[in-house]
Amino acid sequence: MERKLSEVLNIGFTGDDVDKLYFAVEEIALQGNPGFNTDRLRAAYLFARKHHGEQRRNDGTPYITHPIAAATIFVSDMMIDEDALIACLLHDIIEDTDVSFGDVERLFGRQVAELVDGVTKLTRIEYSSKDEEQMENIRKTLLATAKDVRVMLIKLADRLHNLRTLDYKSVDKQRDKSAETIEIYAPIAHRLGMQKVKWELEDKAIVYLDPLACSEIKAFLDENHANLERFLDSVRTEIEKKLKEEEVDAEVQSRMKHLYSIYRKMYSQNKDLHEVHDLCAFRVIVSTVGECYHVLGALDSTFHPVPGKIKNYIASPKPNGYRSIHNTYVGRDGILFEIQIRTREMHEEAEFGVAAHWKYKKGGSDGVSVSDENQYAWIREMLGRQEDLDPEQFRRELKSELFADEVMVFTPKGKVVSLPAGATPIDFAYKLHSDIGNHISGAKLNGRIVPIDSKLESGGIVEILTSNATKGPSLDWLEIVRSSEARGKIRQWFKKERRAETIAIGKSSFDDELHRARLTMTEIVHSGALDTALEKLSFKSLEDMYAAIGIRSRSAAQAVHRIRDELIRLQREIYNEVVGEMPPTIQKTSTAKQITRSKSGVLVDGLPDCEVKFARCCSPVPGDDIVGFITLGHGISVHRADCENYCNALVRGINRERWIPVTWGNNEKDTYLVGFYVAAQNRKNLIIDIMGALNSAKVNVDEFSAQSRSPVLATIHVTIQAHSAAEAASVSTKLQHVQGVTSVERRGTD
Ligand code: MN
């Protein structure tokens, strides 16, 4: 192998910028691990550079800069392990060049080849495809991944760099990669405990998924930058002062919350930016657990803790191992903020997760492979959930394959029966015959009666008691048995013997799940989403699907998820039909396909009851020209056609395909919030006169705030409830007639 390596090394460096990028990676790697074999690292780089050759990335840079950038992320944020770093440099070599597994193995050894192969398989997973072959691929990949978590770490570094450079990809690619990142990779980073990577993945991805909302958030943060900074500084100083008094040696950090966490608060809790109070976060890092509690006491006596908000993840860590104490306080001006308290060690773990274990482990080149089952359970669950064909069973089978510890037990006649570890007498009975399983009434282990759900141990003699009085298996057994054989046979019985019952059970959990997703039966039937989804899931009828949910071969959540995806897809198709390639300016829908009443008051073509929210940036009312924006997972957001955000998006050509025509329907909703921005000459009784004007317009005032900007200028924000654009216009006229008012503009309700 040495001789072959030196052949690669003979390619030699050219001293250009790309080489420099590589040497920067090498330098960071060697700082942590002086024992690394630089010949191997350099050979990996030169080998990758040679074989990627003239390939270019979409932004025009040589392809090799991508693996180098991924390696930079890898050595800085994840871990340092010689084989894994080499694999990271080579991660696209099997996928994108003519280099084979064997080539990599000959040069860099089996470990590296398997890592590269694992990443290649992950890359090939089509996130949305469902056929048999893909199933098999995903299965293999899961096996590879679950064998060695380093594969996933390399993939995360790869994905992070791809997101950083996503601007150069097509709009479709941007959407797919971002959605996949939010749905698969960020949760994986989270479960691995790697907050830093997770945040960056989310913040990058959400900008492509909902650019408007993100620019709204960014604009708000920019506008309030000075205030927020001042607030961050003042609280931090106060914390530092207190800790100094208490003689606690601590590092105090202050920061703005991440874009995605603000986004989620706004949309999942349906809050205004102004209501998202806890934009600021603080962190105190100390040396010992004892000091954590000391700091908590000190802070509680300095600020006002909000009752019931304290979370002690030191006493009970999160499932991913996260530890810290969080508490929320009320500052001056009633601003809420959170302080996290943790030790240095907890901090490293929180930032780098599993990677922290490698990062601070000074090791040589011998591969670190962790075989702790718990480390990987989540990977299987996570990716298993992406599967459409019987994911639950798939996951279980996978699990028994992965950790195929077996128990060997005997029949009373001495026949050997092998079962997966943890198997019960029920598994044993079904292994003998379906009829025995279906009529099991009890079990004896080594001659003594045991519960039929007890765990069998190797070497035991098992005798099954049956009775014709037994009416059949129980659905709960599906959770008890360990073998897929038993599970399959139990399902079979219910399918044949208890169809009506399983349909009823399945329907009820489906309905719950549908409700949770805020969808209605009418909506999914009417739009055609249900039929399409059933067909794609290969169910002949709705009852068949209920039955499958009833016998737990499919989860209700997943069925609903699938239907929701179809709904989104159909919305997009309808848009294409109506609008085609024309720019989505203020297109009125000429084909009024149906006059339908809609709860929100807005009609999206063909979809009477899809989820609609009114954009706060411009708050439209009936009579305004409006357009809809397809958000991801939050329905349609309705903007005025003259909304600044919409116009900006049009001008810059952002997300053309996601703007769709919408019209006002026969609305049931009575009033809408409308905001006005009034500028006036400052004078006595100005406010009273404005109130008088509003009063004479007979509208409900929702919010009113006035500020005197200077001795001569006053500005007033007022939010009213209006039924229509005409009413809003008449209010505007009334306001303009107030003495001293210089301008009245319709604004959003922010
Ligand atoms: Mn890559």
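The values are calculated or read from the model by the stated rules, or taken from the named source; none is laboratory data. Since the structure is predicted, the reported quantities are computational estimates derived from the model, not experimental observations. Note that we place each Cβ from the backbone using ideal geometry, even for glycine, and neighbour counts take in every protein chain shown. With ligands, DNA and RNA removed, areas are computed over all heavy atoms of the protein, side chains included. Shrake-Rupley method; radii C 1.70, N 1.55, O 1.52, S 1.80 Å.
Extension gain for Asp512-Arg264 works out to 87.0 nm (0.36 nm per residue, less the C-alpha to C-alpha distance). With each label modelled as a point 7 angstrom along the Cα→C-beta vector, the Met691-Ser705 pair spans 1.8 nm. Take the stretch 499-578 with all the other protein chains still there, run a 1.4 Å probe, and you get 49 Å² of accessible area per residue. Put simply, the amide H of Gly331, placed in the peptide plane, has neighbours under 5 Å in Leu336, Phe337, leaving out anything fewer than 5 places away on its chain. Note on Asp333 and Thr123: with the Förster distance fixed at 56 Å, the Cβ-Cβ geometry gives a FRET efficiency of about 0.65.
The base-10 log of I(q)/I(0) for the stretch 406-551, evaluated at q = 0.09, 0.10, 0.15, 0.20 Å⁻¹, reads -0.38, -0.46, -0.78, -1.09 [Debye formula, identical scatterers on Cα atoms, solvent excluded].
With every protein chain kept in place and ligands, DNA and RNA left out, what is the accessible area per residue of the stretch 404-497? Probe 1.4 Å, answer in Å². Intermediate results must be reported in sequence, preceding the final value.
Values: 4920 Å² over 94 residues.
Roughly 52 Å² per residue, with all protein chains present.
When peptides 556-567, 524-535 are ranked by their average number of other Cβ atoms within 10 Å per residue, the highest-first order is 556-567, 524-535.
Taking 27 Å as the limit for the C-alpha separation, the pairs Lys257/Lys309; Lys196/Lys309; Lys218/Lys241; Lys318/Lys431 exceed it in the case of Lys218/Lys241; Lys318/Lys431.
Full extension of the chain segment joining Glu501 with Leu9 gains 170.2 nm, where the gain is 0.36 nm per residue of separation less the Cα-Cα distance.
Sorting 636-645, 478-487, 437-446 by average packing, meaning the other beta carbons within 10 Å per residue, from highest down gives 636-645, 478-487, 437-446. Proximity of backbone amide H atoms, modeled 1.01 Å from N, is registered between Leu713 and Asn682 at under 5 Å, excluding neighbours fewer than 5 places apart on the same chain. Less than 5 angstrom separates the built amide H of Gly442 from those of Leu465, all sequence-distant by 5 or more or on a different chain. Here the stretch 2-206 is treated as a sphere whose radius is the Kirkwood value from Cα pairs; by Stokes-Einstein at 37 °C and 0.692 mPa s it diffuses with a coefficient of 189 µm²/s. Relative protection proxy for 542-553, 280-291, 702-713, from highest mean packing down: 542-553, 280-291, 702-713 (other beta-carbon atoms within 10 angstrom). Would you mind classifying the stretch 691-750 by shape? Square roots of the alpha carbon gyration tensor eigenvalues, ordered a ≥ b ≥ c; an a/c under 1.5 is rounded, otherwise it is prolate if a/b is larger than b/c and oblate if not. It comes out prolate by the Cα gyration axes.
Summarising the label geometry, the points placed 7 Å from Cα in the beta-carbon direction at Lys241 and Asp476 lie 6.1 nm from one another. Taking a ≥ b ≥ c as the square roots of the eigenvalues of the Cα gyration tensor, the stretch 16-118 is oblate, since a/c reaches 1.5 or more and a/b is not larger than b/c.
What FRET efficiency would be calculated for the residue pair Phe23, His304, taking the C-beta separation as r and a Förster radius of 51 Å, to the nearest 0.05?
Working from the Cβ atoms, E equals 0.45.
For the stretch 499-578, the square roots a ≥ b ≥ c of the C-alpha gyration tensor eigenvalues yield an a/c of 1.5 or more together with a/b exceeding b/c, which makes the shape prolate.
Among the GluC sites (Glu not before Pro) in the stretch 406-476, those located in a DSSP loop and surrounded by at most 14 other Cβ atoms within 10 Å of their own Cβ are Glu457. Accessible surface computed residue by residue for the stretch 10-100, with neighbouring protein chains in place and a 1.4 Å probe, gives 38 Å² per residue.
With all protein chains present, how much of the accessible area of the stretch 216-355 (probe radius 1.4 Å) comes from carbon and sulfur, to the nearest whole percent? Carbon and sulfur: 49 percent of the exposed surface of the stretch 216-355. Spacing of the modelled spin labels on Thr742 and Gln253, each 7 Å from Cα toward Cβ, amounts to 4.7 nm.
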